[in-house]
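This report refers to the structure that appears directly beneath it.
The values are calculated or read from the model by the stated rules, or taken from the named source; none is laboratory data. Everything numeric in this text was worked out from a predicted model, so none of it was measured. Methodologically, a virtual Cβ is constructed for each residue, glycine included, from the backbone with ideal geometry; neighbour enumeration extends over all protein chains shown. Areas reflect the complete protein model, heavy atoms only, side chains present, ligands, DNA and RNA absent. Shrake-Rupley method; radii C 1.70, N 1.55, O 1.52, S 1.80 Å.
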Amino acid sequence: MPKYAANLTMLFQEHDFLDRFDAAGNAGFKFIEYMFPYPYDAAELRARLDENGQTQALFNLPAGDWPGGDRGIAVQPGRQDEFRAGVDRALSYADVLYKGVQGPKLVNVLVGKAEGDEATTRKTVVGNLQYAADKLGDAGLTLIVEPLNPYDVPGFYLYGTQNTLDLLDEVGRDNVKLQYDFYHMQRVEGRLTETVRAHLDRIAHIQLADVPGRHQPGTGEINYPFLLAELDRLGYEGYVGLEYIPEGRTEDTLGWLKELAKV
């Protein structure tokens, strides 16, 4: 059975960020993910996890100037030094957040919006991902790469499953895997079940939200009872991150999880 992780960037926004660990714990979550830990002290984040008996499931590499429109910088020529500094910063957080964790130790990368010619962009992103994979691999970590969708993030470099896997083939590192987000991939290409069946061995993390609206399962068109049952049938034991925008209080949107996942 998958391990369901509360995404504290999206969920429990009724609370200040550091208080969301307690809120998630009170709702029964033992696994936690979020986009960026960097505004907070790593020791403080780890203390919140420990107080609630929670395990860190995932966080992202630094992604540039997020308020200014960056959605990652791995594809951007001329920013390699900034990218490498971000890898080092992520490693310093991983050393604290993943210390003693048994099982997956994942760091996600958003590669960013493409700028410049394709040949230079491709060389840049491949080189950056190789660098990150090697550094993370030395620390026992897995780098995961996430495609998005062009409606939410116009200009993003990676939109579909296959073009992301093609990039990972070029990177050529065993500790680089796919993050598969049901919400983004439903908007891009559909065929969610077929894709998971075909590529489960390359998927290290899954996230979910419904379409349209990016709200909780049961509010849109994705057949989550079928999908989650299929993950069980396939023997997927990794994380499923709840990266959705709650309609109302987060606690009031978890009925689907209690019913389908018995959390």
Could you check Leu208 against (1) open to solvent by 10 Å² or more (accessible area, probe 1.4 Å); (2) free of Cβ contacts under 8 Å to residues at least 60 places away in the same chain and say which number it fails?
(1)
State whether the residues of the range 218-228 include one that is surrounded by 13 or more Cβ atoms within 10 Å (Cβ to Cβ) and on the phi > 0 side of the Ramachandran plot.
yes
When you look at Tyr93, is it within 25 Å of Asp134 (Cα to Cα), part of a helix (DSSP H, G or I) and open to solvent by less than 30 Å² (accessible area, probe 1.4 Å), yes or no?
yes
Condition first: surrounded by 19 or more Cβ atoms within 10 Å (Cβ to Cβ), of a type outside the set (Val, Ile, Thr), under 20 Å from Ala47 (Cβ atoms) and touching a helix residue (DSSP H, G or I) at 6+ places or on another chain (Cβ under 8 Å). Can you find one or more residues in the range 61-79 that meet it?
no
Considering only residues that are open to solvent by 10 Å² or more (accessible area, probe 1.4 Å), under 26 Å from Tyr98 (Cα atoms) and polar (S, T, N, Q), which ones fall in the range 140-183?
Thr142, Asn175
So Val240 ticks every box in (1) open to solvent by less than 20 Å² (accessible area, probe 1.4 Å); (2) closer than 25 Å to Asp22 by Cβ; (3) touching a helix residue (DSSP H, G or I) at 6+ places or on another chain (Cβ under 7 Å) but one. Which box is left unticked?
(3)
Any pair with Cβ under 8 angstrom, 6 or more apart, that starts in the range 242-261 at a residue that is more than 12 Å from Thr9 (Cα to Cα) and ends at one that is of a type in the set (Ser, Thr, Tyr) and not in a loop (DSSP other than H, G, I, E, B):
Glu247/Thr253; Trp256/Tyr224; Leu257/Tyr4; Leu260/Tyr224; Ala261/Tyr4
Checking Thr195 against (1) open to solvent by 20 Å² or more (accessible area, probe 1.4 Å); (2) in contact with a helix residue (DSSP H, G or I) (Cβ under 7 Å, 6 or more places away or on another chain); (3) polar (S, T, N, Q), which test does it fail?
(1)
Selected residue [within 18 Å of the chain's Cα centre (by Cα) and open to solvent by 50 Å² or more (accessible area, probe 1.4 Å)] from Arg214, Arg202
Arg202
